[in-house]
Amino acid sequence: MILAGDIGGTKSNLALMEKKGDRLRVVFLHRYPSHEYTRFEDIIEDFLARGRDFLSASAPGRIQGAGFGVAGPVLGRGVRITNLAWGIDADVLERQLGTRHIVLLNDLEATGYSLACLAREDLCTLNEGLLAPQGAQALIAAGTGLGEAILRWTGNRYVVAPSEGGHTDFAPRTEQEIELLRYLKTMYRFVSFELIVSGRGFLTLHQFLNKSVRHPSFDEPGADPAPEITRLGLEGSCPVCGETLDLFVTLYGAEAGNLALKALARGGVFVAGGIAPKILPKMQNGKFLSAFCEKEKFQELLSHIPIHIVLNEEAPLLGAAAEAAALELVAANAGAR
């Protein structure tokens, strides 16, 4: 049995997973609001209690390995979550879980390793393109933050190189985007793509477009306006919300195109994270793809790059579990010899 985790600033998803042939199957899953906990060990303790019956009913009866995709840079055997006050320590987890097979991954690494596990129905294709087999791939994911990664073929599989590319400088391309940068500079010393192409970006863009239009969630303490802006924009009941979504997907496409050029991602670009599936009609209206391709000298090359949206919300769990299972298998084979 493999314990997998998708640990973010907003929520932490944990799952018990078992391998059936080449596929991983979720046996038990539970979600935790990350900010309500002060230690990751407390989340693990609660999850083990909730999943005790599933674990004891499994063939091994214990956790053989554990993998965690975490929203933050992994340094050695630990990781500090970017938008939380606590982190994760692999040595502590070894003792708590009773296994030496612990894998800590950046959340985009975990999603990247899931790509080989996804079924056709887990993807929505924005651009068929011309696939270059074993060509480099790029992964971009907007959610609580903006994650980016590059995948390189090593001869038998893709290996994920994580990055903090979401924190690179916002590069405006149009007069409107130049005005957006000026607007943001009145509030922030540094303006990154993550400030805009992430969950918090919806309210920022809405206020930039028209501060006089307000909705109930804007004034509710602790409320997240993004779902309301998304709903009203998709319904067409608020023109400013619709403009907000259009500008959001345009900027998302522009940065995805930047990443595709840096990686020369002829093996495809994958758009993951929680936002894209929720605004799928807007992602498909052509603005994302147009901004993706609008680059000096390379519009034709970019138009040939396949682009897919990852629809499976459990992708980070699948990737983390796959890496943990691979580590446990290597150790088991080494022991057999």
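FYI, it's all coordinate maths here, none of it is from the lab. What you are looking at is a predicted structure, and each value in this text was computed from that prediction instead of being measured. FYI the Cβ positions are ideal-geometry reconstructions off the backbone, even for glycines, and counts take in every protein chain you see.
Structure notes:
- Test item: Cα-centred dipole of region 123-310, Lys/Arg +1 and Asp/Glu -1 on Cβ, debye: 360 debye
- Förster-model FRET efficiency, 51 Å R0, SER56 and ARG182, C-beta, rounded to 0.05: 0.25
- Inter-label distance for ASP224 and ALA85, nm, one decimal - labels placed 7 Å from Cα along Cα-to-Cβ: 2.1 nm
- The orientation-averaged projection of the convex hull spanning the C-alpha atoms of region 143-221 amounts to 7.4 square nanometres.
- Straight-distance candidates among the aspartates and glutamates for linking to LYS19, with alpha-carbon spacing under 14 Å and chain neighbours fewer than 8 residues away dropped: GLU323, GLU328.
- Dipole check for the chain: with +1 at the C-beta of Lys and Arg, -1 at the C-beta of Asp and Glu, and the Cα centre as origin, the magnitude is about 580 Debye.
- Computed over region 123-310, Cα set: Rg, Dmax in Å: 16.6, 56
- Under 28 Å of direct C-alpha separation, and excluding same-chain neighbours fewer than eight residues apart, LYS185 reaches these lysines: LYS211, LYS262, LYS282, LYS287, LYS295.
- Largest mean-square fluctuation among LYS282, LYS211, LYS295, in a Gaussian network model of the chain whose springs join Cα atoms under 10 Å apart, belongs to LYS211.
- Residue among PHE193, LEU115, GLY236 farthest towards the positive dipole end of the chain, charges placed on Cβ: LEU115
- Translational diffusion coefficient (Stokes-Einstein; Kirkwood radius from C-alpha pairs) of region 182-283 at 25 °C, 0.890 mPa s, in µm²/s: 168 µm²/s
- Within region 221-337: Cβ-based charge dipole about Cα centre, in debye rounded to nearest 20 (Lys, Arg +1; Asp, Glu -1): 360 debye
- Kyte-Doolittle at least 1.0, axis length at least 30 Å by Cα - qualifying DSSP helices, the chain: 315-336
- Here the peptides 271-281, 299-309, 25-35 are ranked by packing, the mean other Cβ count within 10 Å, and the order with the highest first is 271-281, 299-309, 25-35.
- Working note: 222 nm ellipticity from helices only, DSSP H runs with n ≥ 4, each -39,500 (n - 2.57), summed and divided by the residues of the chain, gives -11500 deg cm²/dmol to the nearest 500.
- Length released on extending from ASP46 to LEU301, taking residue separation times 0.36 nm less the Cα-Cα span: 86.8 nm
- Cβ crowding within 10 Å averaged over residues, with 227-237, 55-65 ranked highest first: 227-237, 55-65
- Take each peptide in 212-220, 121-129, count the other Cβ atoms within 10 Å of every residue, and average; sorted highest first, the result is 121-129, 212-220.
- Most positive-pole-ward Cα, LEU126, ALA326, GLY67, against dipole of the chain from beta carbon charges: ALA326
- DSSP beta bridge pairing in the chain, given as percent antiparallel to the nearest 5: 65 percent
- Ordering PRO316, GLY135, PRO277 by the projection of their Cα atoms onto the charge dipole of the chain, which places +1 on the Cβ of Lys and Arg and -1 on the Cβ of Asp and Glu, puts GLY135 at the extreme positive end.
- Note: the chain, Cα convex hull, 148 Å³ per residue.
- Cysteines not pairable in the chain (beta carbon separation under 4.7 Å absent): CYS117, CYS124, CYS293
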